[in-house]
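Engineer: This is the structure I want to talk about, given as structure tokens.
The values are calculated or read from the model by the stated rules, or taken from the named source; none is laboratory data. Just so we're clear, the structure is a prediction, and the values are computed from it rather than from any experiment. With ideal geometry, Cβ positions are generated from the backbone for all residues, glycine too; neighbour counts draw on all protein chains shown.
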Amino acid sequence: MITLDSITRSFGSTTVLHDLSFTIGAGRMTGFVGSNGSGKTTTMRIILGVLAADSGRITVDGHDITPAHRSAIGYMPEERGLYPKMPIIDQLIYLARFHGLSRTTARRRGLELLERLDLNGEPTDTLESVSLGNQQKVQIAAALIHEPQALVLDEPFSGLDPAAVERTLDVLKGVAATGAPVLFSSHQLDLVERLVDDLVIINRGRLVATGTTDELRRLRSRPEWTVEGHADMAWVRTVPDVDVIELDGSWVRFAAAGSDAAEAVLREALTRGSVSSFAPHHLPLNRLFQEVTQS
Amino acid sequence: MTAQTKQTPATQPNPTMTVARAGLMAAMGLVIEREIMVRLRSKAFMISTILSIVLFGALVAFSGTLPSLFSSTDKVAVTSAGTQAVEGIDDVEPVDVGSVAEAKELVRSDKVAAAVVDDSESPVGLRVIAQRSAPDSIVSALSQVPTVEILDPDAPDPGLTSLMGLGLGLVFFMSAVTFGSTIASSVVEEKQSRIVEILLASTSARALMFGKVIACTVLAFGQIALTAVAVLVGAAISGNDLVLGKIAEPIAWFVPLFVIGFVMVAALYAAAASMVSRTEDLGSTATPIMMTIFLPYMAVIMFSDNESVMAVMSYIPFSAAVAVPMRVFLGTIEWWEPLVSLLILAVTTLGALLLATRIFERSILRSGPKLSWKQALTGGGLG
């Protein structure tokens, strides 16, 4: 478990992180979401110690973070880059050896990772000779090469095709399953929504919300339901304590204060005819995101 | 997935999140190893190394035979007295003629370069006949010269002195600039590709910079040592004992001064490179360093015969590597002077290393517009 406690950081006269606190739980996939320039990259750099915080502290399981802790983190920086002219496997070995891995262990582990990530190319190819998507896979392998016990990944899925996203996801989940805290940022909110356990949303360097996606939905918006029948649903507008958000003939989406009000709508619909579906409506994360960052 | 769980035993939750981290020395070793391997695998580096070795070696090996390439044998018409006179003059092939008229005829028709005939009116009893101008070698060989007494046959040849200054200066200047640029581009490459973030997450900026500086010094020194071996082999082939004998001591001083001076230059180049984000901006921060190497180099060449200027230059860190060996060669240096010079250089280099580390640590993660030296040193507006 990695905890950030009141992290503040300025560049010159601009404060980019204001009193930021959140926790990356052990074994939890934590999505880190915020608009461009909201401070995600700076936060990650501070966790890794490549940048110092002006104030605040970072703890690992309650103890102040040490270089040994940081060495156990697999890190993928925002701006991609390894050595363009160096063979792929050689750079993985090079990076692994900074963590004390032997050359042979590093090679075995590197080849295994490239295999699992389905690198389309030879491990002995130079990085610049493979496609951008494949370079991205090498970058992910670089973050995982030293058997990290935590992951901090800046936009790990950008530039990957859907199949590669799934493979990468499998690998990351595998790491989380060992009890490792995993933090990753992404602008692909549909993806984040599908795979995270926890969410951290920041805006202009301030924490906007943190918790599970369900918690955030409960926190930030009135719950919504959808009903589909066979007759026109316009009558829902007249039901008290219910707001129709979207209406399309026999299909309606509405917000209600609680499930009692929603069930009242269902009962009324059943008296008016047959109902083919009734379900709570999950607000897509991008809507939730807009809602919390604009409020 | 099974391999994953086998290697990283699940600990839920993860109590002591630690992984081994290479120490400063080990990390430096890794950086050194990579830097050297990358250069050794680079075709450009290998070609330039081999070229310089072959070129210098060949130059010395053939230096003994060089004069003969430029000389030619002249045919000279001689009468009976002339035959005796031209005997023993190099590069002259006598052609016997019966009379002065015959000799003149041969000169006019360009069959011979000149003629040497009897002349009772000449103080030396000979006359040289030539078409337009007399061959200097013949005239001077036939002239009477006063007795010359040489007091110090081992005194340095001024021509050789300036040649040595030029040579050592060139070696220092070329390798400082070449390897300085190498280290600079290697720093910018890592900064530009942002791999430096991954590296700094697992090691320190100091390990990174020192590793690069040491690797570059090893490479530069290796290249020069190989060139030196080639020169010595070339000297042995040509039997040129001048190279072997007289410049052994100057070279012995050049080596430590070069190595330490090079570390200083390499560290400054690394610092300059850490201040920019793109290779295109490198020129502006690296130029001041190049000038501090280039100006002393020019001065050493221009003032190689000015003892007081050379004395001052031998204490300036940037020119010591060239000025000290030259003064040792000229014999105008006290025994303790090279040691003081070496000490000054070592202290300056230490200072340069500390300064460069400071700049490097402050600048290496900065992206965007280049920093000025002032910003990098004071930390003004730094993130």
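Engineer: Inside the stretch A:113-123, can you point out the residues that are surrounded by fewer than 16 Cβ atoms within 10 Å (Cβ to Cβ) and either touching a Phe, Trp or Tyr at 6+ places or on another chain (Cβ under 7 Å) or not in a loop (DSSP other than H, G, I, E, B) (or both)? First the steps, then the outcome.
Structural biologist: If we filter the stretch A:113-123 for residues that are surrounded by fewer than 16 Cβ atoms within 10 Å (Cβ to Cβ), which is where we start, we get A:115, A:118, A:120, A:122.
Within the stretch A:113-123, just A:E115 meets the criteria.
Engineer: Further, regarding this structure: Do we find a residue being closer than 13 Å to A:I88 by Cα, in a loop (DSSP other than H, G, I, E, B), touching a strand residue (DSSP E or B) at 6+ places or on another chain (Cβ under 6 Å) and not hydrophobic (A, V, I, L, M, F, W, C) anywhere in the stretch A:155-166?
Structural biologist: no
Engineer: In the list A:L95, A:L4, A:L101, A:L17, which residue meets the criterion of being within 11 Å of another protein chain (Cβ to nearest Cβ) and either part of a strand (DSSP E or B) or within 26 Å of the chain's Cα centre (by Cα) (or both)?
Structural biologist: Criteria check complete, one pass: A:L95.
Engineer: Only one of (1) under 21 Å from A:P87 (Cβ atoms); (2) crowded, with 21+ Cβ neighbours inside 10 Å fails for A:T126. Which number is that?
Structural biologist: Of everything listed in (1) under 21 Å from A:P87 (Cβ atoms); (2) crowded, with 21+ Cβ neighbours inside 10 Å, A:T126 misses just condition (2).
Engineer: Taking the condition crowded, with 16+ Cβ neighbours inside 10 Å and within 11 Å of chain B (Cβ to nearest Cβ), does A:T168 pass?
Structural biologist: No; evaluated as a whole, the condition is false for this residue.
Engineer: May I ask you to verify whether B:A176 is under 22 Å from B:V231 (Cα atoms), in contact with a helix residue (DSSP H, G or I) (Cβ under 9 Å, 6 or more places away or on another chain) and modelled with pLDDT of 85 or more?
Structural biologist: Answer is yes for this residue.
Engineer: Return a yes/no flag: does the stretch B:207-223 have any residue that is modelled with pLDDT under 85, part of a helix (DSSP H, G or I) and either outside the structural domain of B:R278 (by TED's automatic domain parsing) or farther than 15 Å from B:R34 by Cα (or both).
Structural biologist: Within the stretch B:207-223 (the criterion being modelled with pLDDT under 85, part of a helix (DSSP H, G or I) and either outside the structural domain of B:R278 (by TED's automatic domain parsing) or farther than 15 Å from B:R34 by Cα (or both)), the answer is no, since none of the residues qualifies.
Let's see how each residue does on (1) aliphatic (A, V, I, L, M); (2) more than 30 Å from A:T15 (Cα to Cα); (3) touching a His at 6+ places or on another chain (Cβ under 8 Å):
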| site | (1), (2), (3) |
| --- | --- |
| A:V130 | yes, yes, no |
| A:G133 | no, yes, no |
| A:L151 | yes, no, no |
| A:A176 | yes, yes, no |
| A:S185 | no, no, no |
| A:L189 | yes, no, no |
| A:V196 | yes, no, no |
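Engineer: May I ask you to verify whether A:R222 is in a loop (DSSP other than H, G, I, E, B) and either away from chain B (no Cβ under 14 Å) or modelled with pLDDT of 90 or more (or both)?
Structural biologist: yes
Engineer: Enumerate the pairs (first residue in the stretch A:92-106 and at positive phi; second residue anywhere and surrounded by fewer than 23 Cβ atoms within 10 Å (Cβ to Cβ)) with beta-carbon separation below 7 Å, excluding pairs fewer than 6 apart on the same chain, so at least 6 apart or on different chains.
Structural biologist: Every condition considered, the pairs that remain are A:G100/B:A20; A:G100/B:R21; A:G100/B:A22.
Engineer: Go through (1) surrounded by 19 or more Cβ atoms within 10 Å (Cβ to Cβ); (2) part of a helix (DSSP H, G or I) and name the single condition B:S304 misses.
Structural biologist: (2)
Engineer: Restricting to the stretch A:177-219, count the residues that are in a helix (DSSP H, G or I), farther than 25 Å from A:T42 by Cβ and not hydrophobic (A, V, I, L, M, F, W, C). Before the answer, list the steps.
Structural biologist: Within the stretch A:177-219, the first condition is being in a helix (DSSP H, G or I), and the residues that meet it are A:177, A:189-195, A:213-219.
With the extra rule that they be farther than 25 Å from A:T42 by Cβ, the set shrinks to A:177, A:190, A:194, A:214-215, A:217-219.
Among the residues that remain, those that are also not hydrophobic (A, V, I, L, M, F, W, C) are: A:190, A:194, A:214-215, A:217-218.
Of the residues in that region, 6 qualify.
Engineer: Hey, among the residues in the stretch A:43-92 that are facing another protein chain (nearest Cβ under 9 Å) and of a type in the set (S, T, N, Q), which one's nearest to A:Q135 (Cα to Cα)?
Structural biologist: A:Q91
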